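A.B. asks: Just passing along the structure, written as structure tokens.
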Amino acid sequence: MSPYRLPLLLTLLLSANAFAGDATFRQPRPNLITAGQPSAQQLRHAAANGVTTVIDLRRPDEDRGYDEAALAEQLGLRYVRLPIAGASDITEANARTLHRLLKQDDGKTLLHCASSNRAGALLSVVDARINGASAEDALTLGRDAGMTSLEPAVRAALETPTP
């Protein structure tokens, strides 16, 4: 369990959305929310409760159920795509790109993929390779952010020496 308690934003997001298929929101770090694909209603609630940036890790061909980029723009959110296809894209280069994108936001960021598995996996690599966390601490962060089936790929990436 993350050492941070769920803030009012997460409580609102979770309680206000009882629709089937809505994403589960997590807060692995202050000002960072991770999730699977948010519904349009969840995105509206996120914007109304302080989220300023959405980083979407889904590939362009993955169905979101609505035009997420257009809705984010309408809501005044900064919307960024960093397509991560799966294990082969859990790389230090993509982690550095994500780190740079996260640093550009002074507010709350919603980082999502389809299930938060990719989000958690890439955050693990950021934490270990860029922030200097131990492999186990980085994996814990990844799990807190939603990483599941990509954990073996992250372990392999973290065991590979940096060039």
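A.B. asks: Which members of segment 126-144 meet the condition of being open to solvent by less than 30 Å² (accessible area, probe 1.4 Å), more than 11 Å from the chain's Cα centre (by Cα) and under 29 Å from residue 40 (Cα atoms)?
C.D. replies: 126, 141
A.B. asks: Of all the helices (runs of 4 or more DSSP H) wholly in segment 1-107, which have at least 1 residues that are at pLDDT below 95, touching a Lys or Arg at 6+ places or on another chain (Cβ under 6 Å) and surrounded by fewer than 17 Cβ atoms within 10 Å (Cβ to Cβ)?
C.D. replies: Numbers: elements: 8-15, 40-48, 68-74, 92-103.
Because the criterion is at least 1 residues that are at pLDDT below 95, touching a Lys or Arg at 6+ places or on another chain (Cβ under 6 Å) and surrounded by fewer than 17 Cβ atoms within 10 Å (Cβ to Cβ), no helices (runs of 4 or more DSSP H) in segment 1-107 meet it.
A.B. asks: Further question: Can you find even one residue in segment 149-161 that is in contact (Cβ under 8 Å) with a residue 24 or more places away in the chain, within 15 Å of the chain's Cα centre (by Cα), more than 16 Å from residue 34 (Cβ to Cβ) and open to solvent by less than 30 Å² (accessible area, probe 1.4 Å)?
C.D. replies: Looking through segment 149-161, none of the residues is in contact (Cβ under 8 Å) with a residue 24 or more places away in the chain, within 15 Å of the chain's Cα centre (by Cα), more than 16 Å from residue 34 (Cβ to Cβ) and open to solvent by less than 30 Å² (accessible area, probe 1.4 Å).
The values are calculated or read from the model by the stated rules, or taken from the named source; none is laboratory data. Keep in mind that this is a model prediction, so the values were computed, not measured. Quick reminder, even Gly has a Cβ in these numbers, built from the backbone with ideal geometry, and neighbours come from all protein chains shown. Heavy atoms of the whole protein, side chains included, go into the accessibility calculation; ligands, DNA and RNA do not. Shrake-Rupley method; radii C 1.70, N 1.55, O 1.52, S 1.80 Å.
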